[in-house]
Amino acid sequence: MATIESLLRAAALPDSPTAKLDAEWLLAAALGKPASYLRTWPEREVSTECEARFTADLARRRRGEPVAYILGRQGFWSLDFEVAPHTLIPRPDTELLVETALQLLPATPAAVLDLGTGTGAIALALAHERPTWRVTGVDRVAEAVDLATRNAQRLRLGNAVFYESQWFSALAGQRFALIVSNPPYIPAHDPHLQEGDLRFEPTSALVAGEDGLDDIRQIIASAPIHLLSGGWLLLEHGYDQALAVRALLVESGFADVQSRRDLGGHERISLGRLP
């Protein structure tokens with residue numbers, strides 16, 4: 001039988017910028033062990049069954065499928081989420097949205113909304129950090145709502161609930177102290193859609209019209225009737241869209257309009273307060 005060391009040495013993933021890490025995650029999952037086990041016991045032999053699973057998963061990765069979809073999970077914030085191909089894979093850049101939301105409101109009871117929740121990662125990170133908040137997540141895709149609900153149950157976060165809704169369509173009469181969203185914001189003809197992980201993620205969760213701002217326009221226009229006085233709207237957007245998003249917020253009457261930069265130095269989110 002092959003050893004851990006020999007399998008990792010032979011695992012070629014030429015098209016992945018994180019080839020070594022990808023192989024380690026896939027082998028650790030096949031073994032049912034943490035990645036640290038591979039470095040501690042490199043000489044351990046791997047069963048035929050585990051090697052077969054690892055080989056099959058490597059083949060999927062060589063075809064470009066994201067590791068998160070192969071494993072069915074992805075870490076975000078300090079939590080581990082079930083993921084599936086009908087939702088976006090949570091990304092580290094989106095943690096800026098969570099960090100900013102936590103800075104804006106005190107740790108006292110508040111109603112918070114996450115639009116286009118997907119896996120529920122943003123909503124559940126907020127619910128985890130603020131047990132007194134009542135967090136609602138909505139998504140137009142029923143499978144995403146089911147997935148987010150499963151993540152909430154597995155993480156034992158009872159202060160978050162999820163509903164099927166096209167943006168605000170199922171939220172008539174409801175108002176929130178804070179609304180957050182990582183909506184689709186990629187232009188329809190952006191060449192990046194044919195590259196990397198984006199090839200496998202749902203187009204409907206990525207693309208928003210010719211300039212990528214269709215959904216952001218709709219959210220900004222509708223948000224005021226769903227915000228309490230003094231409430232905040234936070235939006236993730238593309239690296240080159242901050243100026244346009246700030247202008248849309250100002251046009252809709254928001255105050256204290258500003259943008260925040262991600263770790264790469266890009267203006268990644270914009271926000272405004274309802275007077």
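Before moving on, here are some points about what is shown:
- Sub-7 Å Cβ pairs linking a first residue in segment 87-110 that is touching a residue at least 60 places away in the same chain (Cβ under 8 Å) and more than 10 Å from Ile122 (Cα to Cα) to a second residue that is hydroxyl-bearing (Ser, Thr, Tyr) and buried (at least 16 other Cβ atoms within 10 Å of the Cβ), at least 6 apart or interchain, are Thr87/Thr119, ordered by first then second residue.
- Ala110 being hydrophobic (A, V, I, L, M, F, W, C), surrounded by fewer than 22 Cβ atoms within 10 Å (Cβ to Cβ) and either closer than 30 Å to Ser259 by Cα or not assigned by TED's automatic domain parsing to the domain that holds Pro34 (or both): yes
- Criterion (in contact with a strand residue (DSSP E or B) (Cβ under 9 Å, 6 or more places away or on another chain), modelled with pLDDT of 90 or more, aliphatic (A, V, I, L, M) and within 26 Å of His237 (Cβ to Cβ)) met by exactly one of Val161, Val145: Val145
- Odd one out for Ala68, checked against (1) assigned to a helix (DSSP H, G or I); (2) among the small types (Gly, Ala, Ser); (3) loosely packed, with under 14 Cβ neighbours inside 10 Å: (3)
- Glu65 under 15 Å from Leu8 (Cβ atoms) and either of a type outside the set (A, V, I, L, M) or assigned by TED's automatic domain parsing to the domain that holds Arg130 (or both): no
- Some residue of segment 44-54 being part of a helix (DSSP H, G or I), touching a helix residue (DSSP H, G or I) at 6+ places or on another chain (Cβ under 6 Å) and among the small types (Gly, Ala, Ser): no
The values are calculated or read from the model by the stated rules, or taken from the named source; none is laboratory data. None of the values given here were measured: they were computed from a predicted structure. Note: ideal-geometry Cβ built from the backbone for every residue, glycine included; neighbour counts use all protein chains shown.
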